[in-house]
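The values are calculated or read from the model by the stated rules, or taken from the named source; none is laboratory data. These numbers come from a predicted model, not from an experiment. Positions of Cβ are backbone-derived with ideal geometry, glycine not excepted, and every protein chain shown enters the neighbour counts.
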Ligand code: PEP
Ligand code: MN
């Protein structure tokens with residue numbers, strides 16, 4: 001926001017009053033009579049009308065919003081019958097990295113449904129670093145995924161990698177996943193939005209929070225009824241974990257931008273032994289759910305085996321997402 005001061009304003013007093021209201025005063029300029037402060041709320045939303053009552057403030061104007069549709073999206077969205085975000089209980093979205101066979105995905109769906117998961121995940125089209133790695137079974141795997149989800153009352157979240165296969169993905173998905181590598185692919189974001197399905201926007205591995213929110217804006221602007229954001233780790237200097245799980249961004253999206261945001265500790269950590277503790281931390285930071293890779297035999301997985309958890313561990317993750325939100329989060333929305 002830009003605040004213009006009156007001729008006789010006491011600059012220090014106005015500064016102090018604005019800070020008191022939760023605003024960060026960035027800079028000021030202009031001549032006497034046209035002095036302006038550029039201010040930004042450092043937490044939550046500050047009503048411009050409240051600023052006009054500060055002695056010395058003549059005018060308040062809002063800068064154009066970068067992502068107005070995202071800003072207008074409610075904290076809680078509904079995907080099919082599932083509430084995500086706001087005061088809703090955290091949801092579990094889980095399944096293998098890749099859909100490997102009809103049998104594999106049915107087994108996983110059955111076990112996850114018993115645990116209380118709401119969404120079955122699994123890639124049919126896989127973004128792989130090397131062209132020699134397993135690329136997914138494509139359209140056939142989409143059908144296996146849908147059948148398995150239907151047989152066990154689950155919803156489907158799966159990745160769309162290209163505009164040419166978007167229609168096939170949209171036909172089976174309840175939530176279309178845009179992967180980290182494609183978060184900046186604006187035609188793909190628009191194509192996902194045009195299907196009229198909700199979109200899960202994974203954060204690009206080198207994307208700022210504002211770029212991530214803008215990616216969500218592309219989907220909503222193109223027609224998506226809702227977007228859910230997913231933090232999956234960003235690149236850092238340290239390679240001890242596959243990525244760096246940025247829980248500060250989760251808290252920002254949840255508590256400042258009031259967006260439904262889930263966390264994928266599997267791709268963030270790249271190792272199964274840390275998925276549960278970071279899953280807990282994610283919920284504490286405000287995550288509306290977890291997206292986790294689960295495999296019946298992680299050692300034999302065709303992709304991302306080292307980070308896939310067993311059904312036993314999936315049970316512990318599911319317990320985090322069942323029932324009410326943890327007591328220490330009560331009242332926060
Ligand atoms: C995935 O979810 O399987 C995946 C490839 O994720 P990301 O885009 O976060 O790497
Ligand atoms: Mn994976």
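The criterion of at least 1 residues that are more than 16 Å from ligand 1 (Cβ to nearest atom) and more than 22 Å from residue 173 (Cβ to Cβ) is met by the following helices (runs of 4 or more DSSP H) wholly inside the range 226-306: 247-251, 275-285. You will find that of 161, 183, the residue that is free of Cβ contacts under 8 Å to residues at least 40 places away in the same chain and within 15 Å of the chain's Cα centre (by Cα) is 183 and no other.
Annotation: of all residues in the range 120-138 being away from ligand 1 (no atom under 13 Å from the Cβ) and surrounded by fewer than 15 Cβ atoms within 10 Å (Cβ to Cβ), the one that is nearest to residue 96 (Cα to Cα) is 138. Evaluating residue 321 against the criteria (1) modelled with pLDDT of 95 or more; (2) surrounded by 24 or more Cβ atoms within 10 Å (Cβ to Cβ) leaves one unmet condition, (1). Going residue by residue through the range 289-306, is there one that turns out to be in contact (Cβ under 8 Å) with a residue 12 or more places away in the chain, in contact with a strand residue (DSSP E or B) (Cβ under 8 Å, 6 or more places away or on another chain) and away from ligand 2 (no atom under 16 Å from the Cβ)? The answer is yes, given that some residue of the range 289-306 is in contact (Cβ under 8 Å) with a residue 12 or more places away in the chain, in contact with a strand residue (DSSP E or B) (Cβ under 8 Å, 6 or more places away or on another chain) and away from ligand 2 (no atom under 16 Å from the Cβ). Looking only at residues in the range 150-159 that are closer than 20 Å to residue 302 by Cβ and touching a helix residue (DSSP H, G or I) at 6+ places or on another chain (Cβ under 9 Å), which one is nearest to ligand 1 (Cβ to nearest atom)? My answer is 159.
Residues that are surrounded by fewer than 20 Cβ atoms within 10 Å (Cβ to Cβ), within 16 Å of ligand 2 (Cβ to nearest atom) and modelled with pLDDT under 95 number at least 2 in none of the strands (runs of 3 or more DSSP E) confined to the range 150-215.
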